[in-house]
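Colleague: Just passing along the structure, written as structure tokens.
The values are calculated or read from the model by the stated rules, or taken from the named source; none is laboratory data. Values in this document were obtained by computation on a predicted structure and should not be read as measured data. Every residue, glycine as well, gets a Cβ built from its backbone with ideal geometry; the counts of neighbours run over all protein chains shown.
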Amino acid sequence: MPQLTWPTKNIQPVLPADLKTTATIFPGGHGYPNSQPESHLFLGDNEPIMTALLPDYEGRLGLIYADPPFLTNKKYPVRIGRGEDSRNPQDWQLTDGYADHWTGIEAYLDFLYPRLVLMYRLLAPNGTLYLHLDWHADAYARILLDELFGRDRLLNELVWVYHGPSPIRRAFNRKHDTILVYTKGADYTFNTDAVREPYNPNTVKTFAASPKAGFGKVPDLERGKVPEDWWYFPVVARMHKERTGYPTQKPEGLIKRILLASSNPGDIVADFFCGSGTFPAMAANLGRKFLASDVTWRAVHTTRTRLIEEKSPFAMVYDAVTSSEVDSIPLKVDISGRSVTIETTVDLDYWEIDPDYDGDIFQSAAQARRPNRSAHIPLTLTLNDFPKRAHIRGVTVTGKPIEWKK
Ligand SMILES: C[S@@+](CC[C@H](N)C(=O)[O-])C[C@H]1O[C@@H](n2cnc3c(N)ncnc32)[C@H](O)[C@@H]1O
């Protein structure tokens, strides 16, 4: 079988990350303090992280969604502030998001290939990988995936179509991404009925008028159809409620369809390039356990603020090489029974309380987040029990981690 080679192609294993659990988050207090989270959000480079996960997770993940940088050679800033609505530009600013810069295709493949190898190893025998790319690198990636999975394990080449403005004048507007779907084995999870959609009303009308319309094949109009391998979902735009301000955020509808088709409740699923957290948030929402990682603190913070909307506890785990500077801030804290109220001059994006902090792992029993496009974060949180050794942490709207200790 033809293979892709380049001078620096290599899969020398890297050293595993030194993973440290820094917090356990119990969204809205659910499960606090005794339940052991089975979902994990990691901060750090995913190559050493996945290497560190091999002893516990090799051959166990039911589904991996991967949405890495696409080889665009662009920078992707994040929109932060007190309101992401671009009608009020005084309320937001742009800051570093993530970069997709490479010295060439070889450097990009040096990055992608060993990570695909690790994902292959982590997948369960009935597991599926969805690799989300576009025209910049999809052809190269497909040959690499053929090599790892076998050519006959390509389940689908999905095309996500969308529209939007573009400055392009001397080519057709590039408005689709490609999602390569490979299964590890011939016996894989695919929940057809979970992703059926209604037939087009014109099809329904046609068959109502003449059952012979389909050359004798009458579709089950009630049950709906299996979606085609091209999907239309609008890109996450300014006015969408789900928009976080994190760049290249993928639509919840697209990610939900992937999760519903290729995993079951209780499965462990993963996204090692999680960005704004669409995949782990939808996974938690659908009752899957997740492993998610990103190399930028802002992505992990954004993901956390989405995950606290769901009920499943999760652990925050840092690769010890990533530094996380935390500033102390002046905070006036009023504890009255089970209620904790804070007063501060700093604009907050997020804050949380550990009611009984032991100085080691932060056990977050109550959280508040600034709603998207709003300046108004709740400043009172009510705990399920009386706090003993309250400790408060937070993040400012500009993304600075802060903490207050009694
Ligand atoms: C295309 S974005 C993912 C967007 C995400 N699917 C969403 O819905 O928001 C790619 C992400 O990969 C992350 N990334 C790049 N290199 C990484 C690495 N070595 N380890 C972990 N994450 C990485 C970037 O920080 C960025 O957030």
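Colleague: At least 3 residues that are under 29 Å from Leu118 (Cα atoms) in each: list the strands (runs of 3 or more DSSP E) lying fully within segment 285-396 that qualify. Show your work before the answer.
Modeller: On the way: elements: 289-294, 314-319, 332-336, 339-343, 348-354, 362-364, 366-369, 380-382, 391-396.
It comes to 289-294, 314-319.
Colleague: Pull up segment 67-96, narrow it to residues that are in contact with a helix residue (DSSP H, G or I) (Cβ under 7 Å, 6 or more places away or on another chain) and either within 30 Å of Tyr140 (Cα to Cα) or small (Gly, Ala, Ser) (or both), then point me to the one that is modelled with the lowest pLDDT.
Modeller: Gly83
Colleague: Taking the stated definitions as given, is Ala292 at pLDDT 95 or above, within 14 Å of the ligand (Cβ to nearest atom) and closer than 13 Å to Phe42 by Cα?
Modeller: On the way: at pLDDT 95 or above: yes; within 14 Å of the ligand (Cβ to nearest atom): yes; closer than 13 Å to Phe42 by Cα: yes.
For Ala292, the condition - at pLDDT 95 or above, within 14 Å of the ligand (Cβ to nearest atom) and closer than 13 Å to Phe42 by Cα - is met.
Colleague: Follow-up question, since we're still on this one. Which residues, taken from segment 268-279, are outside any strand (DSSP E or B) and in contact with a helix residue (DSSP H, G or I) (Cβ under 6 Å, 6 or more places away or on another chain)? Working first, answer last.
Modeller: First, the residues of segment 268-279 that are outside any strand (DSSP E or B): 272-279.
Of everything in segment 268-279, those that are outside any strand (DSSP E or B) and in contact with a helix residue (DSSP H, G or I) (Cβ under 6 Å, 6 or more places away or on another chain) turn out to be Phe272, Cys274, Gly275, Ser276, Gly277, Thr278, Phe279.
Colleague: Give the number of residues within segment 245-285 that are of a type in the set (A, V, I, L, M, F, W, C), more than 14 Å from the ligand (Cβ to nearest atom) and farther than 22 Å from Val317 by Cα.
Modeller: Number satisfying all stated conditions: 2.
Colleague: Right, here's the next one. Under 6 Å between Cβ atoms, at least 6 apart or on separate chains: pull out the pairs that start in segment 45-57 with a residue that is assigned by TED's automatic domain parsing to the domain that holds Arg121 and end on any residue that is basic (Lys, Arg).
Modeller: Between residues of segment 45-57 that are assigned by TED's automatic domain parsing to the domain that holds Arg121 and residues that are basic (Lys, Arg), the close pairs are Glu47/Arg115.
Colleague: So is Lys241 under 25 Å from Glu197 (Cβ atoms), within 16 Å of the ligand (Cβ to nearest atom) and at pLDDT below 95 or not? First the steps, then the outcome.
Modeller: On the way: under 25 Å from Glu197 (Cβ atoms): yes; within 16 Å of the ligand (Cβ to nearest atom): yes; at pLDDT below 95: yes.
Judged against the criteria, Lys241 is a match.
Colleague: Do we have Ala141 as free of Cβ contacts under 8 Å to residues at least 40 places away in the same chain, within 16 Å of the ligand (Cβ to nearest atom) and among the hydrophobic types (A, V, I, L, M, F, W, C) here?
Modeller: On the way: free of Cβ contacts under 8 Å to residues at least 40 places away in the same chain: yes; within 16 Å of the ligand (Cβ to nearest atom): yes; among the hydrophobic types (A, V, I, L, M, F, W, C): yes.
It is true that Ala141 is free of Cβ contacts under 8 Å to residues at least 40 places away in the same chain, within 16 Å of the ligand (Cβ to nearest atom) and among the hydrophobic types (A, V, I, L, M, F, W, C).
Colleague: Select, from Gly59, Gly28, the only residue that is on the phi > 0 side of the Ramachandran plot and outside any helix (DSSP H, G or I).
Modeller: Values: Gly28 fails: outside any helix (DSSP H, G or I).
When all the criteria are applied, what remains is Gly59.
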